[in-house]
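Novice: Take this structure, written in C-alpha cells, and hold onto it; I'll ask about it next.
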Amino acid sequence: MGPITRELANLGLPFDPPGGEAIRDEPVIRGAYSILRIVRDQTTNAPDYVAHRTVLALLHGIGVGTSKAIGDLCAANNHNFHNLFYVAALPHWITGRSVAAVTRVRSIVQQVAGWTLQDTIGARTGDIAQLLSMFVFAGSSQIAEYLQEWNAFAASLPQGMTLEELLLFLAADDETGQRQILDAVRERLGESNEGAGVGQKRLRILTMHGAKGLSGKVVFIPSAEQGIMPSFRAIHAVGLLNEQRRLFYVSVTRAKAACIVSHAALHSGAEAFLIQQSPQVRLPRSQFLNEMGVPSRNRNGGLTAAETAQITADVNNL
C-alpha cells in the first residue's frame, strides 16, 4: 500500500486510505497507531501494555528479541512492565542494549505528555512524524519512505479528525467499519461524504478482501506476480491458492468499465527487501493471468491517449 499512497500524494490526487487490518500491518502505521494508544493510555489511566511493547519491538536496531528480553527481566525482577516507561529512574538490572531501547520509548512517552485525544490530525501529523523519525525508526535507511507513507496517509484523512476518531478508524477490522467512521467524521465537520469538500471525487484504495460487494467504474490491480498474487505461501498450498484465485476473480469483476492489471519487471529498494530480502527482485507474472489467457504488454509509461479516451467513453456510457 505504501508506494501507491505515496505516489498519489506526490501527484496531489485525493484518495481514501486503504482500510481493515491490512493497513495496520504497515510498520509506519503500526508505529503511529501504537503512539496514539500511548496517548490514550495517559489520558484515560488505563495501562496499555501491548502498545508499549509494540513500539519497543518496532524500534529500528532493537527488534522482537530485545523486546522479549526486557519483558522477561521485568518478570524475573517482579517489576511491572508498563511502569518501566514511567518510573523516575531505570532499575539497575536494565543494562546494555535494553537501556537504549527503553530510553527511546520513555522519550516518546515524555513527548506525548500533554496531548489529548481531541487534538486533530492536522495539528499532530508533524509531531507524529517527528516521533517516528527521531525514536521509532531512528537510524533506518528507510526513514524518508516511512515519513512519506505516514504523511500521505494522514493527508488522505479529514484534517479535523480527532486522534480519538483516528484510533477508532485504525482499530476497525474492515473497510465497512472504517467507512462508517470516516462518514461520521465528515458529517460532523460538515463535509461531503464523497470526499473532503463538497463534490470532490476521490480514488479509493481497497484490499482484495474488502472489495467484495463493492464496484468501481475503473479498477486497478497492481503486482499481479507469482509470489505476490498468489503469494509464495499459497503457491504450495492448494486451499490457499484457490482462495487467492477467488479473491483475484472478485477483484477483476468489481470493474464496470475497465480493469487494468499490472505486474512489474523489477522490484528494487525497500519493496524488494519486503518480498525476498534482496535489493532487487524479479518475479514472473501471476499464474492467474496465464489461466485467463491474457497477454502482457511491456510499457515504460501508463495508458496511451487512445486507451484513456476509450475508457473515458466507456465510463460515460455506463
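Novice: Does I4 count as in a helix (DSSP H, G or I), outside the structural domain of T116 (by TED's automatic domain parsing) and in contact (Cβ under 8 Å) with a residue 12 or more places away in the chain? Reasoning before the result, please.
Specialist: Working: in a helix (DSSP H, G or I): yes; outside the structural domain of T116 (by TED's automatic domain parsing): yes; in contact (Cβ under 8 Å) with a residue 12 or more places away in the chain: yes.
When the stated conditions are applied, I4 passes them.
A quick yes/no check of all residues on (1) closer than 30 Å to N317 by Cβ; (2) at pLDDT 90 or above; (3) loosely packed, with under 13 Cβ neighbours inside 10 Å:
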{"residue": "Q226", "(1), (2), (3)": "no, yes, no"}
{"residue": "R233", "(1), (2), (3)": "no, no, yes"}
{"residue": "N242", "(1), (2), (3)": "no, yes, yes"}
{"residue": "R246", "(1), (2), (3)": "yes, yes, yes"}
{"residue": "S251", "(1), (2), (3)": "yes, yes, no"}
{"residue": "A258", "(1), (2), (3)": "yes, yes, no"}
{"residue": "V261", "(1), (2), (3)": "yes, yes, no"}
{"residue": "F273", "(1), (2), (3)": "no, no, no"}
{"residue": "S278", "(1), (2), (3)": "no, no, yes"}
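Novice: Test of understanding: among R233, R202, which residue is outside the structural domain of I29 (by TED's automatic domain parsing) and touching a Gly at 6+ places or on another chain (Cβ under 6 Å)? Working first, answer last.
Specialist: On the way: R233 fails: touching a Gly at 6+ places or on another chain (Cβ under 6 Å).
Being outside the structural domain of I29 (by TED's automatic domain parsing) and touching a Gly at 6+ places or on another chain (Cβ under 6 Å) holds for just one of R233, R202, which is R202.
Novice: Only residues in the stretch 292-317 that are closer than 12 Å to A258 by Cα count as the first member; pair them with residues that are loosely packed, with under 13 Cβ neighbours inside 10 Å, Cβ under 9 angstrom, at least 6 apart or cross-chain, and list the lot.
Specialist: T308/G302
Novice: Among residues belonging to the stretch 89-99 that are touching a residue at least 12 places away in the same chain (Cβ under 8 Å) and among the aliphatic types (A, V, I, L, M), point out the one that is nearest to T43 (Cα to Cα).
Specialist: Only one residue tops the list, namely L90.
Novice: Within the set of pairs 6 or more residues apart or between chains, which connect a residue that is over 11 Å from I4 (Cα atoms) inside the stretch 147-161 to a residue that is not in a helix (DSSP H, G or I) with Cβ atoms less than 6 Å apart?
Specialist: Partner pairs satisfying both residue conditions: S156/F15; S156/P17; P158/L189; P158/A196; G160/T120; G160/L189.
Novice: Just to verify a result, which residue in the stretch 101-113, among those that are in contact with a helix residue (DSSP H, G or I) (Cβ under 9 Å, 6 or more places away or on another chain) and free of Cβ contacts under 8 Å to residues at least 60 places away in the same chain, is surrounded by the most Cβ atoms within 10 Å (Cβ to Cβ)? Walk me through it before giving the result.
Specialist: Applying the first criterion (in contact with a helix residue (DSSP H, G or I) (Cβ under 9 Å, 6 or more places away or on another chain)) to the stretch 101-113 yields 101-102, 104-109, 111-113.
In the following step, the residues that additionally are free of Cβ contacts under 8 Å to residues at least 60 places away in the same chain were identified as 101-102, 104-107, 111.
Numbers: A101: 22, V102: 23, R104: 21, V105: 25, R106: 17, S107: 14, Q111: 17.
This residue is V105.
Novice: If you don't mind, there's one more thing I want to ask. Just need a number here: residues in the stretch 70-100 that are in a helix (DSSP H, G or I) and surrounded by 14 or more Cβ atoms within 10 Å (Cβ to Cβ). It would help to see each step written out before you state the result.
Specialist: Restricting attention to the stretch 70-100, the residues satisfying the condition of being in a helix (DSSP H, G or I) are 70-76, 82-85, 97-100.
From the residues that got through so far, the ones that are surrounded by 14 or more Cβ atoms within 10 Å (Cβ to Cβ) too are 70-71, 73-74, 82, 84-85, 97-98.
Total satisfying the criteria: 9.
Novice: A further question on this structure: Which residue, of A32, A69, is at pLDDT below 95 and in contact with a helix residue (DSSP H, G or I) (Cβ under 9 Å, 6 or more places away or on another chain)?
Specialist: Working: A32 fails: at pLDDT below 95.
Going through A32, A69 in turn, just one is at pLDDT below 95 and in contact with a helix residue (DSSP H, G or I) (Cβ under 9 Å, 6 or more places away or on another chain): A69.
Novice: Only one of (1) crowded, with 17+ Cβ neighbours inside 10 Å; (2) more than 19 Å from T54 (Cα to Cα) fails for T116. Which number is that?
Specialist: In the conditions (1) crowded, with 17+ Cβ neighbours inside 10 Å; (2) more than 19 Å from T54 (Cα to Cα), T116 misses (1) alone.
Novice: Would the stretch 8-20 turn up any residue that is closer than 21 Å to E271 by Cβ, of a type in the set (A, V, I, L, M) and in a loop (DSSP other than H, G, I, E, B)?
Specialist: yes
Novice: Within the stretch 133-152, take every residue that is farther than 22 Å from A101 by Cβ and out of contact with any helix residue (DSSP H, G or I) (no Cβ under 6 Å at 6 or more places or on another chain) and give me the one that is surrounded by the fewest Cβ atoms within 10 Å (Cβ to Cβ). Talk me through it step by step, then tell me what you get.
Specialist: If we filter the stretch 133-152 for residues that are farther than 22 Å from A101 by Cβ, which is where we start, we get 144-145, 148-149, 151-152.
Applying the additional criterion that residues be out of contact with any helix residue (DSSP H, G or I) (no Cβ under 6 Å at 6 or more places or on another chain) yields 144, 151.
On the way: A144: 11, N151: 18.
Per the stated criteria, the residue is A144.
Novice: Which one of these is assigned to a helix (DSSP H, G or I) and among the hydroxyl-bearing types (S, T, Y): S141, S107?
Specialist: Details: S141 fails: assigned to a helix (DSSP H, G or I).
Sole residue among the options that is assigned to a helix (DSSP H, G or I) and among the hydroxyl-bearing types (S, T, Y): S107.
Novice: Another one. For the structure I just gave you, tell me whether H52 is crowded, with 17+ Cβ neighbours inside 10 Å and outside any helix (DSSP H, G or I). Full working, then the answer.
Specialist: Values: crowded, with 17+ Cβ neighbours inside 10 Å: yes; outside any helix (DSSP H, G or I): no.
Taking the combined requirement at face value, the residue does not satisfy it.
The values are calculated or read from the model by the stated rules, or taken from the named source; none is laboratory data. Just so it is clear, the model here is predicted, and its values are computed rather than measured. Using ideal geometry, Cβ is built from the backbone for each residue, glycine included, and neighbour counts are taken over all protein chains shown.
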